[in-house]
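For reference, the structure discussed in these notes is given below.
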Amino acid sequence: MAEPSQIELDVVRRLIGGAHFLTVLTGAGVSAESGIPTFRGPGGLWRTFRAEDLATPEAFLRNAKLVWEWYDWRRGLIAKAEPNPGHRAIAAWERILPGFTLITQNVDGLHDRAGSRNVLKVHGDIWEMRCFECGVRKVDLRAPLPVLPPKCARCGGLMRPGVVWFGESLSEDVWMRAEQAARASDIFLVAGTSAQVYPAAGLVSLAKHAGAVIVEVNLEESGVSSIADAVLRGPAGEILPQLAPTNKRPDEAARSIRP
Ligand code: OAD
């Protein structure tokens, strides 16, 4: 893996600093340096567990306790983790760049804890739950949960994790906003995702066809490396902070008064 050169990092930093609409799509790799396992890499969750047993509505109906035990274990891991410099760099972009959108496939909430405010969570949020019967939603930050599976305080039905399972549709509202951001972006940065899971991975080609410059940050080749205009190979927690733009566009910086 060749590390990106200073020139490559500078070029991408300038692109980001000059972007009118910057959209960032993140995946599990962005949380890997916080100690959260990814899905498909070494030590990845789908190498040890079968998605069919744990992350489908059928699995939940078969054995809600087992499904909840797995999510409760993951909630415990995440509760002990801290956001890393990659999450914090992304949160800083939101404060600096007006046309910024963050889309994440991660359910861990580490972007929120790093200070990101408007996160489009296309695969849901592991800290939310909703009733399988009446649909009522709530946020519950306890880890571990005292009783598994948790029950609905309103109707007594089974609560389910507020994440998207295989075979389920994404939230229409969140997805619409994610697509809009992808189409509008002039720079689309995709970080720490294998880009194997659709429709989320399709946002990259959507942005590309709409004219965005695609920048990838990943340790390894992914499903979208071939359409990326710039590829920065390395850990997101090290590379993203190096892309921090100044808070002025290059043209504004050139016009500003200097002492
Ligand atoms: P994957 O586990 O499929 O991919 C993680 C990616 O992160 C790989 O491309 C790694 O090379 C890269 N990576 C690992 N560590 C990194 C680091 N420190 N810095 C940069 N890159 C790193 O995870 P996702 O692509 O997020 O969905 O998986 C997508 C979806 O599949 C998840 O949201 C989840 C899963 O099934 C659902 O549960 C619905």
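What follows draws every value from the coordinates through simple rules; no lab data is involved. Since this is a predicted model, take the numbers as computed values, not measurements. Ideal geometry is used to build each Cβ from the backbone, glycine not excepted, and the neighbour counts take in all protein chains shown.
Within the listed set R177, R14, R142, the residue fluctuating most in the Gaussian network model of the chain (springs between alpha-carbon atoms under 10 angstrom) is R142.
Within region 166-207, list the GluC sites (Glu not before Pro) lying in a DSSP loop whose Cβ has at most 13 other Cβ atoms in a 10 Å radius.
Numbers: sites: E168, E172, E179; in loops: E168.
Qualifying residues, ordered by number: E168.
In terms of its C-alpha gyration tensor, region 124-169 comes out oblate, because a/c is 1.5 or above while a/b does not outweigh b/c. Plugging the Kirkwood radius over Cα pairs into Stokes-Einstein for region 1-110, at a temperature of 10 °C and a viscosity of 1.306 mPa s, what D comes out in µm²/s? Diffusion coefficient, whole number: 97 µm²/s. When peptides 223-233, 186-196, 55-65 are sorted by average Cβ neighbour count within 10 Å, with the highest value leading, the order is 186-196, 223-233, 55-65.
In percent, rounded to a whole number, the relative contact order of region 121-185 is 39, using alpha-carbon pairs under 8 Å and six or more apart.
Separation of region 161-198 and region 144-160, taken as the distance between their Cα centroids, equals 28 angstrom. Only Cα sites of region 59-206 enter the Debye sum here, all with the same form factor; the resulting log10 I(q)/I(0) across q = 0.10, 0.13, 0.14 1/Å is -0.39, -0.65, -0.75, listed in q order. Beta-bridge orientation, the chain: approximately 25 percent antiparallel, per DSSP, counting only bridges with both partners inside. In units of the compact-protein estimate 2.2 N^0.38 Å, region 87-132 shows a Cα radius of gyration of 1.22.
Of the three principal axes defined by the Cα atoms of the chain, the extents in descending order read 66, 36, 34 Å. What separates the Cα centres of region 60-98 and region 118-137 is a distance of 13 Å. Here the relative contact order of the chain, from alpha carbon pairs under 8 Å that lie six or more residues apart, stands at 27 percent.
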